[in-house]
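K.L.:
Handing you a structure now.
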Amino acid sequence: IYAMVSKSEPDMAHSNNVITCLGGEDTAMESRPIPTPRAGELLLKLRCVGFCGTDLFKLTTNSVKPGMVLGHEIVGEIAALGEGVNQFALGDRIAVPHHVPCGSCRLCLNANETMCEIFRDNLMEPGGFADYVLIRDRATAQAAHKLPDSVSDEAAVFMEPAACVLRGVNRSGIGPEGTAAVMGGGSMGLLHLLVIKAVYPYAKVLLIDPVADRCTLANELGADETAAPGEDGLAAVSAMTDGYGFDAVFDTVGGAPLLEAGLALSRHGGSVILFAHAPHGQCANFDLNNLFKYERRVLGSYSGALREQAAVLALITSGQFDPTPLVSHTMPLDDFAQGYQLAKERKALKILFTPSLAASSL
């Protein structure tokens, strides 16, 4: 049911090495059969996969079932084509997300595609932390992008996370010469900085983080100002916005205290965009009149839709957006536990995993 040529054919005598969840924070490399694509599907041989903050959250909060394979920010090379897949060829480099909306329900038609009932279906088997990843038909047909030679794997792997960021930026109300504060200088906070500057080069951006090294890196990546949380951040309101407050404040840390801090940094009529998990069950506690009387908005930004993904790839291809300075570590899947520990201890920005050593040696 699918065509192959020998140079791209996965050797079915070899197993698919995957990183499987064992429960809690424990993972292990496990050998599984290589999936076979059915009609409309693709089989990708992994080139690289990003370690996402959501992967970290799921592992640290024990919210994954044993046997699950995480990972979804992938770039792969087509190893096999299912019947009817004519828009791609064996060997093409592909970037593809794991979520695709239906496009026709009431939520999709009202630009809330990321809330679509089927959007959260995982269209990757078994998951991105694997040598071979099967891409379901809906993602193959609607969301897979062939990468031009000019776009590196390291840049293209940011398509999905940067699209999530771009959706929040587009919904925030910031304009071409607007002002923004980004709370948090981790990989997602710095990605917000890069996306805002790619879309609005003349916007002024403050990055807030307590770690001096992260602030230094933010300055190098184009932040107009950096500050520590608290009084330093509030002082920047006067310096950068003439005391009005920021048009948009992006919370990439999560939790009720960050929401309150974001409201304090925002201008009358401004927005606070929540882009991070809060601790389970935590409730906000702030003066509602501070929201109502000054027409502020609080927005949740959960994921990215197809149009944001296409827009991010266009920005990367044009050279307007280069996320590769955020890649701090690259390692094979064999070293997944080490990478997880680095991320958990905040000793890494963006970690990319490459195929297992066994797969790389074939």
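The values are calculated or read from the model by the stated rules, or taken from the named source; none is laboratory data. The structure displayed is predicted, hence computed values, not measured ones. Neighbour counts run over all protein chains shown; Cβ positions are idealised from the backbone, glycine included. Only protein heavy atoms, including side chains, enter the accessible area calculation; ligands, DNA and RNA are left aside. Shrake-Rupley method; radii C 1.70, N 1.55, O 1.52, S 1.80 Å.
K.L.:
For region 327-341, how many residues meet the condition of being open to solvent by 40 Å² or more (accessible area, probe 1.4 Å) and touching a strand residue (DSSP E or B) at 6+ places or on another chain (Cβ under 9 Å)?
P.N.:
Final tally of qualifying residues: 7.
K.L.:
Let me ask something additional. Quick one: is Gly127 under 16 Å from the mean Cα position of the chain (by Cα) and either buried (at least 22 other Cβ atoms within 10 Å of the Cβ) or touching a residue at least 60 places away in the same chain (Cβ under 8 Å) (or both)?
P.N.:
When the stated conditions are applied, Gly127 passes them.
K.L.:
I need every pair where a residue in region 265-285 that is under 17 Å from Phe250 (Cβ atoms) and outside any strand (DSSP E or B) has its Cβ under 8 Å from the Cβ of a residue that is of a type in the set (Phe, Trp, Tyr) and modelled with pLDDT under 95, sequence separation at least 6 or different chains.
P.N.:
Close Cβ pairs (under 8 Å, with a partner that is of a type in the set (Phe, Trp, Tyr) and modelled with pLDDT under 95) amount to His277/Phe57.
K.L.:
Please verify whether region 299-312 includes one or more residues that are of a type in the set (Ser, Thr, Tyr), assigned to a helix (DSSP H, G or I) and open to solvent by less than 80 Å² (accessible area, probe 1.4 Å).
P.N.:
No, every residue in region 299-312 fails to be of a type in the set (Ser, Thr, Tyr), assigned to a helix (DSSP H, G or I) and open to solvent by less than 80 Å² (accessible area, probe 1.4 Å).
K.L.:
If I go through region 207-226 residue by residue, how many of them are buried (at least 22 other Cβ atoms within 10 Å of the Cβ) and over 21 Å from the mean Cα position of the chain (by Cα)?
P.N.:
So the answer is 1.
K.L.:
Identify all residues within region 342-362 that are over 19 Å from the mean Cα position of the chain (by Cα), open to solvent by less than 50 Å² (accessible area, probe 1.4 Å) and hydrophobic (A, V, I, L, M, F, W, C); write none if there are none.
P.N.:
Ala359 - this is the single residue of region 342-362 that is over 19 Å from the mean Cα position of the chain (by Cα), open to solvent by less than 50 Å² (accessible area, probe 1.4 Å) and hydrophobic (A, V, I, L, M, F, W, C).
To keep it simple, each residue is scored yes or no on (1) in contact with a helix residue (DSSP H, G or I) (Cβ under 6 Å, 6 or more places away or on another chain); (2) more than 30 Å from Met29 (Cβ to Cβ); (3) not aromatic (Phe, Trp, Tyr).
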| residue | (1), (2), (3) |
| --- | --- |
| Ser266 | no, yes, yes |
| Ile273 | yes, yes, yes |
| Ala278 | no, yes, yes |
| Leu306 | no, yes, yes |
| Leu313 | yes, yes, yes |
| Ser318 | no, yes, yes |
| Phe321 | yes, yes, no |
| Phe336 | no, no, no |
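K.L.:
Which of the strands (runs of 3 or more DSSP E) contained wholly in region 17-119 include at least 3 residues that are of a type outside the set (A, V, I, L, M), surrounded by fewer than 17 Cβ atoms within 10 Å (Cβ to Cβ) and touching a Lys or Arg at 6+ places or on another chain (Cβ under 7 Å)?
P.N.:
none
K.L.:
Just checking, how many residues over region 233-255 are surrounded by fewer than 16 Cβ atoms within 10 Å (Cβ to Cβ) and of a type in the set (D, E, K, R)?
P.N.:
Final tally of qualifying residues: 1.
Residue-wise test of (1) in contact with a helix residue (DSSP H, G or I) (Cβ under 8 Å, 6 or more places away or on another chain); (2) of a type in the set (Lys, Arg).
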position	(1), (2)
Leu46	yes, no
Pro66	no, no
Leu70	yes, no
Ala79	no, no
Val85	yes, no
Val96	yes, no
Thr114	yes, no
Arg120	no, yes
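K.L.:
Inspect all residues belonging to region 154-172 and state whether any of them is open to solvent by less than 20 Å² (accessible area, probe 1.4 Å), at pLDDT 95 or above, farther than 30 Å from Ala261 by Cα and out of contact with any Phe, Trp or Tyr (no Cβ under 9 Å at 6 or more places or on another chain).
P.N.:
yes
K.L.:
Hey, another quick one. If you check Gly230, Gly189, which single one turns out to be surrounded by fewer than 19 Cβ atoms within 10 Å (Cβ to Cβ), of a type outside the set (Asp, Glu) and either at pLDDT 95 or above or over 25 Å from Ala311 (Cα atoms) (or both)?
P.N.:
Criteria check complete, one pass: Gly230.
K.L.:
Does any residue of region 320-338 turn out to be on the phi < 0 side of the Ramachandran plot and touching a Pro at 6+ places or on another chain (Cβ under 6 Å)?
P.N.:
For region 320-338, residues on the phi < 0 side of the Ramachandran plot and touching a Pro at 6+ places or on another chain (Cβ under 6 Å): absent.
Let's see how each residue does on (1) closer than 14 Å to Leu56 by Cβ; (2) of a type outside the set (A, V, I, L, M, F, W, C); (3) modelled with pLDDT under 95:
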{"residue": "Glu295", "(1), (2), (3)": "no, yes, no"}
{"residue": "Ser301", "(1), (2), (3)": "no, yes, yes"}
{"residue": "Glu308", "(1), (2), (3)": "no, yes, no"}
{"residue": "Leu326", "(1), (2), (3)": "no, no, no"}
{"residue": "Ala337", "(1), (2), (3)": "yes, no, no"}
{"residue": "Arg346", "(1), (2), (3)": "yes, yes, yes"}
